[in-house]
1. List nothing, just return the count: lysine pairs in the chain, 8 or more apart or interchain, with Cα separation under 24 Å.
2. Shape of region 140-299 from its Cα gyration tensor (a ≥ b ≥ c, root eigenvalues): rounded if a/c is under 1.5, otherwise prolate when a/b > b/c, or oblate?
3. Quick one: length gained pulling H256 to D303 fully straight, 0.36 nm per residue minus the C-alpha distance?
4. In a Debye calculation with equal point scatterers on the alpha-carbon sites of region 234-321 and no solvent, what is log10 I(q)/I(0) at q = 0.11, 0.20, 0.25 Å⁻¹?
5. State, to one decimal in nm, how far the label point of S7 lies from the label point of H249, with both points 7 Å from Cα in the Cβ direction.
6. Is region 1-69 best put as rounded, prolate or oblate by its Cα gyration tensor, with a ≥ b ≥ c the root eigenvalues, rounded for a/c under 1.5, and otherwise prolate when a/b is larger than b/c, oblate when not?
7. For region 190-231 and region 251-321, what is the separation of their Cα centres, given in Å?
8. Would you be so kind as to identify which of G179, G213, G261 lies farthest towards the positive end of the dipole of region 177-266, taking Lys and Arg as +1 and Asp and Glu as -1 on Cβ and the Cα centre as origin?
Amino acid sequence: MKSPLLSLPGAVPAEGADEGVAAHYGELYREQRALADGTGLVDLSHRGVITVTGDDRLSWLHLLLTQHVSDLPVGQATEALILSANGHIEHALYLVDDGSTVWAHVEPGTTEALLAYLESMKFFYRVEVADRTEEFAVVHLPAGSIAPAPDGVAVRETAHGRDLFLPRADLEAYAAEHGPALGILAHEALRVEAHRPRLGFETDHRTIPHELGWIGTAVHLQKGCYRGQETVARVHNLGKPPRRLVFLHLDGSEVHLPGHGTEIRLASDGPEGRKIGFVTTSARHHELGPIALALVKRNIPVDAALLVGTTAAAQEVVVEP
């Protein structure tokens, strides 16, 4: 779904998973600084929006999600995962309950499969699930923003800012009043800086929550049964996930950023050494320079110098080995 904000001056369309919104509006670093300073807004209208209504909405979701939501307070934001039977991550949901409706936004392109799964699990519960993407657009306001949320609009507020579930018809007018609009690349650069994983970027078909640090933020270890819980409990008790998320400082002399999937090796082994990981997301940061998130084998020393393709990189621990 193409955003109307792509008609703003300087808008450069994003590609890949973020197609449909602006990558930037001509000044990448200025947009990052504005976002870090708590001004402007990020158009996330390409993300899917689903709602769950009905008296059983929280108790029902509690049975399906990795997060404890049976008594989720009104207005309290949370995030949760849906796992496969083997504990691999299939969906990530960013939730809030407004007292009568659970609102969630999800990755572009995942809505149809998520809704199909939720519909298959309704059974006798008093719930209704709906795709609201055509009606509502997600807008992100950074932490510190003084822009108001319109009356009646559901809001997810976290330490990183507020996500508004804005009527899609109001998107252009709201951005004109409370902008400037900031591109998705600025949002991604600050996400990488904050070490926050993203479904489809930091995950593949075999990723488990422990590898990305989603234990605690999206997975509650003391809640009841859900699909994939056995894997979560086993790995938590044994303490040995096969991979771990790391944050990388990349050699700033390189012209091109490494793309998703770029292979990582130990610098001591050289560019022909064995593969020990791969880049998941890379970005140019207005203060840190070239940075990235990556998955590496769990037992790689935390102080080991790395090669990302042929680019030197230093790692910071995100998930302890």
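The values are calculated or read from the model by the stated rules, or taken from the named source; none is laboratory data. Note that the structure is a prediction, hence the values are computed from the model and not measured. Counting neighbours? That spans all protein chains shown, and the Cβs are built from the backbone with ideal geometry, glycine included. Surface areas here come from the heavy atoms of the whole protein model, side chains and all, with no ligands, DNA or RNA. Shrake-Rupley method; radii C 1.70, N 1.55, O 1.52, S 1.80 Å.
1. 5
2. Oblate, because a/c is 1.5 or more while a/b does not exceed b/c.
3. Stretched out fully, the H256 to D303 stretch lengthens by 14.4 nm.
4. Normalising to I(0) and taking log10 leaves -0.28, -0.86, -1.26.
5. The answer from the label model is 4.5 nm.
6. The shape class here is prolate.
7. That distance is 21 Å.
8. The listed residue farthest towards the positive side: G213.
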